[in-house]
Amino acid sequence: MAKMSESIMNAAKYLVEWSEFKQKKTTASPQKDEDSLDGLVKFGAVDCGNNLLQKWKVKRHPFEIEYWCAKPKFAGVSGLSVTPGPGNDDGPGLGELMYLDRHNVACPAATPYLSKWDILRTDGGPGAHIKMVYGCVIAAPTPAPTPAPPTPAPMQVVTGQVVNSQNAQGEEGVTVTIIAGDTERSKVTNATGHFIIEAPAGNATISYFKEAFINESNNLTISSTERTDVHGTVSPAMPPDDWRIILQWGEFPKDLDSYTTFGACDIKFSKKSGTCFEGLTANLDVDSRHGFGPETTTLSGASKCQKRGDCKAVFKVKQFSGDRNLSTSGATVFLKNGNHSVQTFNVNGGPENGIIVGRWWYVFYLYPRTGEVHPCTSTSDCP
């Protein structure tokens, strides 16, 4: 039989799945020598077109070639292209058909799979040279489809004002950045601290940056149906031994009050400053009575504290107005030291965020000199 290239012989290793098989037969006119090998040249070609030759055999009575073509399941195949073979060398001598071992069917590496073959006489007469003509195919990989660009999320309007936590006045020149998924948008606040940014709806982060201020970053939920209003604060940087406590909340209750107690000092709306025990000073910088806040308390001179007990400072929040209640206020307390943020407490954040007792939220106690911070777990922790 004709010798085949190694690439063809190994084709079965790769063509392990087939999507379609079709049985075919060569055609020939009746002939007296149909039972001889010489009759092979009188058949039509074994031709699978743009598919692969899966198997073939010679049959007698009548003399014909029966073969099967198959369409392989190649991942990403767009189709098969036929590369015609030029015909093998005749071999020595006359190249009669009986010397099939002198014929070589060899598909090139570029098109390694056999698709069709035929045996022809070069001049059509008996005893003339014999050629085997064949075609090869390649499974051409389909380029990966370019994914359609994701549909951009509709932009929603986020408006807000950034105020200075020490005076509750709008702060100009603050860079406000919103990151929502892969979208990042920034604007700089105007002379009154206001900004407008368009960003996709959903969960996002919002951050505030200005030189000589403490950077701030918070979670933000952007509405998909209406404008989202933001009330942001920035805190001026402080000396290393100063602390600042900032209380913010929602529209209701209208009035929440900050209480900071250390030693005999009790700093609140009715006594907004005091100095106790070796020079530790507290000031209620801002007292807000119309919702949102901020209410800001600053502790100064922590390095002057030498006694652990005397330096303990307790921070609590009292609901002053009777509209709504603490648990629905969205109240958040930001604790800062020097030029950085230390901890954030949320009114509904669980035991690590203090406890609510009646109209009081017992938030944390602090040792300003050492920097120890602990959430209130009982009223005895935070008298």
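FYI, it's all coordinate maths here, none of it is from the lab. Because the structure is a prediction, the values reported are computed rather than measured. Neighbour counts run over all protein chains shown; Cβ positions are idealised from the backbone, glycine included.
Ordering 335-344, 233-242 by mean Cβ neighbour count within 10 Å, with the highest value first, yields 233-242, 335-344. Computed from backbone phi with θ = phi - 60° and the Karplus coefficients 6.51, -1.76 and 1.60, the 3J(HN,Hα) list for region 195-209 is 8, 9, 9, 9, 8, x, 5, x, 6, 8, 10, 10, 10, 10, 9 Hz; x is used for glycine and proline. Can you tell me the length gained on complete extension of the stretch Thr183 to Glu211, counting 0.36 nm per residue apart and subtracting the Cα distance? Using 0.36 nm per residue and subtracting the Cα-Cα distance, I get 7.6 nm. A Förster radius of 41 Å, combined with the Cβ-Cβ distance separating Ser380 from Val157, puts the computed FRET efficiency at roughly 0.30.
Each residue of region 312-323 is assigned a 3J(HN,Hα), and the resulting list reads 5, 10, 10, 10, 9, 10, 10, 7, 8, 7, x, 7 Hz, derived from the Karplus form 6.51 cos²θ - 1.76 cosθ + 1.60 (θ = phi - 60°), x at Gly and Pro. Here's how it looks for Gln54: its modeled amide H is under 5 Å from those of Trp68, Cys69, Ala70, which are all 5 or more places away or on a different chain. Along the axis of the charge dipole computed for region 155-270 (Cβ charges of +1 for Lys and Arg, -1 for Asp and Glu, origin at the Cα centre), the listed residues Val157, Thr189, Ser235 are led at the positive end by Val157.
For region 245-383, the dipole from Cβ point charges (+1 on Lys and Arg, -1 on Asp and Glu) about the Cα centre works out to 220 debye, to the nearest 20. On the beta carbon distance between Glu372 and Thr328, with R0 = 25 Å, the FRET formula returns roughly 0.20. Taking 0.36 nm per residue of separation and subtracting the Cα-Cα distance, full extension of the segment from Val342 to Asn167 would add 60.9 nm. With each label modelled as a point 7 angstrom along the Cα→C-beta vector, the Asn218-Ala45 pair spans 7.8 nm.
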